[in-house]
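Remarks on the structure that follows.
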Amino acid sequence: MMADGWLEVAHRDELQPGMMKRVDIAGQRYLLANAGGQIYAVDDLCSHEEVSLYLGCIDGDTIKCSLHGSRFSLKNGEPLDPPATEPIKTYPIKISSDHIYLMKKTA
């Protein structure tokens, strides 16, 4: 952990474009996703049925739930397709020396 509250969660090499990584921090699951070279951090669970979004797929700058097909914006967590109506949380990330850091505060 960095002194300013950022938590190291991955190395940049672990997240090539189109890849995801699930991270567990103190019982909370986060999803890191590389969408076209941009890395995002969101809650791992779909807001509709609490299914792991890690089981879904990246589609542009969205993550698609594998259960009912809801898509969420990786930028702001907003649901883009039903049946999900509630957003998922997004989290700030930063990259330093090829390490990816996550701030647990809501973006």
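Using θ = phi - 60° and the Karplus form 6.51 cos²θ - 1.76 cosθ + 1.60, what ³J(HN,Hα) does each residue of the stretch 85-94 get, whole Hz, x for Gly and Pro?
10, 9, x, 9, 6, 10, 9, x, 10, 9
Quick one: Karplus J couplings for the stretch 37-42, per residue in order, coefficients 6.51, -1.76, 1.60, θ = phi - 60°, nearest Hz, x for Gly and Pro?
So the J values, rounded to whole Hz, are x, 9, 9, 10, 10, 9.
Could you give the length gained by full extension between Asp59 and Leu7, i.e. 0.36 nm per residue of separation minus their alpha carbon distance, to one decimal place? Write down the numbers at each step before the final one.
Details: separation 52, 0.36 × 52 = 18.72 nm, distance 2.67 nm.
Computed gain between Asp59 and Leu7 is 16.1 nm.
Determine, from the Cβ-Cβ distance of Ser66 and His99 and an R0 of 35 Å, the FRET efficiency 1/(1 + (r/R0)^6), rounded to the nearest 0.05. The partial results should precede the final answer.
Numbers: r = 29 Å, r/R0 = 0.83.
Once the sixth-power term is evaluated, E becomes 0.75.
Please check: in the Gaussian network model of the chain (C-alpha springs, under 10 Å), which one of Cys57, Cys46, Cys65 has the largest mean-square fluctuation.
Highest fluctuation among the options: Cys57.
Starting from the stretch 67-107, pick out the trypsin sites (Lys or Arg not before Pro) whose DSSP state is loop and whose Cβ has at most 14 other Cβ atoms within 10 Å. Could you put the intermediate results ahead of the total?
Working: sites: Arg71, Lys75, Lys89, Lys94, Lys104, Lys105; in loops: Lys75, Lys89, Lys104, Lys105.
Counting only loop positions with at most 14 other Cβ atoms within 10 Å, the trypsin sites (Lys or Arg not before Pro) in the stretch 67-107 are Lys75, Lys105.
Nearest 20 debye, what's the magnitude of the dipole of the stretch 48-107 about its Cα centre given +1 on Lys and Arg Cβ and -1 on Asp and Glu Cβ?
Numbers: 7 positive and 8 negative charges, 61 e Å.
Dipole size: approximately 300 debye.
Using every alpha carbon pair in the chain, what percent of pairs falls into each 10 Å bin from 0 up to the bin containing the largest distance?
16, 51, 27, 5, 0
Considering only the other residues whose Cβ falls under 12 Å of the Cβ of Asp13, what net charge follows from Lys and Arg at +1 and Asp and Glu at -1?
Working: positive: Arg12, Lys21; negative: Glu14, Asp98.
Neighbourhood net charge equals 0.
For the residue pair Glu50 and Ile25, what label-to-label distance in nm results when each label sits 7 Å from Cα along the Cα-to-beta-carbon direction?
Label-label distance for Glu50 and Ile25, simple model: 2.2 nm.
Readers should treat all values here as calculations from the given coordinates under stated rules, not as data from a laboratory. Here the structure is a predicted model, which means the values were calculated and not measured. Note that we place each Cβ from the backbone using ideal geometry, even for glycine, and neighbour counts take in every protein chain shown.
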